[in-house]
Amino acid sequence: MPRLDMSRRVVSLLFLLAFALLPAAAAAADEPIVLTVGMQDWSDTYGRQVFLEQIVPAFEAAHPGVKVEIQWIDWGTYGSQYKVRYAGGVMPDVVSIGSAGLGEFAAAGMIQPIDHFLETWPGLSDMVPASMQDGLYEGKIYSVPYRLDVRTLLYNKRIFAEAGLPDAPPEAWEELTQYARRTTRRDAEGNITGQGFDVRPDVQHVLPFVFQAGGKIVSEDGRRALIAEDPVVEAVEFLHSLIYEHQVALVRGGSFVQGQNAMMYDGSWVMVQNLNPSFDDMGIALPTRHRHQTTQVHINKFAISSTTQHPELAWEWITFVLEPENLALINKESPRLTPRISSLEYEPFSTDPRWNTWMQAASLSTTLPGYVPTLSAILGQSLNQALQDILNNRAPARTRLEEAAREIEAKHLNW
């Protein structure tokens, strides 16, 4: 066959092949980019509806050709589920991480640093400064918060008034003890019927006092447990004294929201009016001080997976959700404190001045040492069990905390 004819046939075949592939190429171009978002929060019906009916459609409208797929994951199993998906190559582009999960995810290489995005993000100056420390791991920022679960002092104004106290909460440990003695109510036999201060034998309710005393959970290098140091022992012994020496508290006795107890530390879930019969009597105070005026905050945050093919789009989704008006919309029916200071300008936050105190408490808060990959086990197992034993009077504070510190170093800090 002449060479010219062969060339013509090759060109013709290539033309036909290209023509045949045009529909497939066009179809591929028409397929949307799917951005997957793993979330294990807003499990209430309203929160999910806001995301599915308002937040997602608004984001998709602003990003033609993009489809957002939210994967709802249970809080109790989210860590293991993300690990399985990461191993299988199907990790969501954006993941929601709980208060103690950052170090574990970052150490495993499951999420990526976002410092380069933060450098040009105008919303950074509007974030509660303390909250941004939560995303730090080995000198880089890996996450940005979307919810702050701050623990601060709550007090019942009605009970204060009945005890002859002013509508002014205690500011220091000594004053808290005095107020608790005056507001503790007893029956004819001397049994406590209403606690002056509600002591809870768990990490979430004890850590505010640990941080106020200047205590730490682990060392800066994440290798030593510091829970048996003097400040931690002092904080736990102070709470123990409220139960057994001053007798103004019981171990898990009564309910603050039912109007039975005068004071306690708790989170902003109490601002959900239909869950709190004492809503109108409730005062919100700044955290008490000892060596420091501070408290503890649990932070839920967004991170970008290390396997995503769309990191810029993932960041755009995160910052879209973090717009103050969107955070206010999400929290309208079930309010939780947000990390954006300007969110206080929107309902429901703008209609109740108590939210200003929550935000001030957040600015004073101390974050958990998220740089420790095994933090969840340290808090949820070793330390929590030690607090149970101490505050139930089964073991002295220093002895039990020393035992827990040895256990933590042997089991959880040998990574």
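Only bridges with both residues in region 33-167 count here: give the DSSP antiparallel percent, nearest 5.
Beta bridges within region 33-167, antiparallel portion: roughly 20 percent.
So what is the orientation-averaged projected area of region 53-192, using the convex hull of its C-alpha atoms, in nm²?
Across all orientations, region 53-192 yields a mean hull projection of 15.2 nm².
Measure nothing fancy, just the Cα-based angle from helix 3-30's long axis to the longest principal axis of the chain, in degrees from 0 to 90, nearest 10.
Value to nearest ten degrees: 30.
Please sort by residue number the trypsin sites (Lys or Arg not before Pro) in region 330-391 whose DSSP state is loop and whose Cβ has at most 15 other Cβ atoms within 10 Å.
Answer in residue order: Lys332.
Could you give the C-alpha radius of gyration of region 184-300 expressed as a fraction of 2.2 N^0.38 Å, taking N as the number of residues it contains?
Taking the Cα Rg and dividing by 2.2 N^0.38 Å, one obtains 1.17.
Provide the per-residue ³J(HN,Hα) series for region 212-228, in order, calculated from phi with Karplus coefficients 6.51, -1.76, 1.60 and θ = phi - 60°, each as a whole number of Hz, with x at glycine and proline positions.
5, 7, x, x, 9, 8, 9, 6, 4, 8, x, 10, 10, 7, 10, 6, 9
Would you tally the net charge around Lys157, using a Cβ to Cβ cut-off of less than 11 Å, leaving Lys157 out, and scoring K and R as +1, D and E as -1?
-3
Could you tell me, in Å, what Rg and Dmax come out for the Cα atoms of region 104-144?
Rg and Dmax of region 104-144, Cα atoms, are 10.5, 30 Å.
Return the aspartates and glutamates within reach of Lys411: Cα separation strictly under 13 angstrom, same-chain partners fewer than 8 residues apart disregarded; answer none if there are no such residues.
Leaving aside aspartates and glutamates fewer than 8 places away in the same chain, those within reach of Lys411 are Glu403.
With viscosity set to 0.890 mPa s and temperature to 25 °C, compute the Stokes-Einstein D of region 71-122, Rh being the Kirkwood radius across alpha carbon pairs; µm²/s, no decimals.
Diffusion coefficient, whole number: 201 µm²/s.
Using a 10 angstrom Cβ neighbour count of at most 12 plus a DSSP loop assignment to flag exposed GluC sites (Glu not before Pro), which longest range of the chain is free of such sites?
246-415
For every other residue with a beta carbon closer than 13 angstrom to the beta carbon of Thr366, add +1 if it is Lys or Arg and -1 if Asp or Glu, then tell me the sum.
Counting the neighbours of Thr366, the net charge comes to +3.
May I ask for log10 I(q)/I(0) of region 127-200 at q = 0.13, 0.28 Å⁻¹, from a Debye sum over the Cα atoms as equal point scatterers with solvent left out?
-0.59, -1.31
When N counts the residues of region 257-386, how does its alpha-carbon radius of gyration compare numerically with 2.2 N^0.38 Å, as a ratio?
That ratio works out to 1.24.
For the chain, what is the percent of antiparallel DSSP beta bridges, rounded to the nearest 5?
Rounded to the nearest five, the antiparallel share is 65 percent.
Excluding Glu316 itself, calculate the net charge of residues whose Cβ lies under 12 Å from the Cβ of Glu316, where each Lys or Arg counts +1 and each Asp or Glu counts -1.
It works out to a net charge of -4.
Please express the shape of the chain as an equivalent ellipsoid: the semi-axes are the square roots of 5 times the eigenvalues of the C-alpha gyration tensor, given largest first in whole angstrom.
Equivalent-ellipsoid dimensions as semi-axes: 51, 25, 16 Å.
To the nearest 0.05, how large is the calculated FRET efficiency for Trp72 and Asp187 if R₀ is 51 Å and r is the Cβ-Cβ distance?
0.60
If you build a Gaussian network model of the chain, linking Cα atoms that sit under 10 Å apart, which residue out of Asn326, Asn300, Asn274 swings the most?
So, out of Asn326, Asn300, Asn274, the one fluctuating most is Asn274.
No lab work stands behind these numbers, since they all come straight from the coordinates. All values derive from a computational prediction rather than experimental measurement. Quick reminder, even Gly has a Cβ in these numbers, built from the backbone with ideal geometry, and neighbours come from all protein chains shown.
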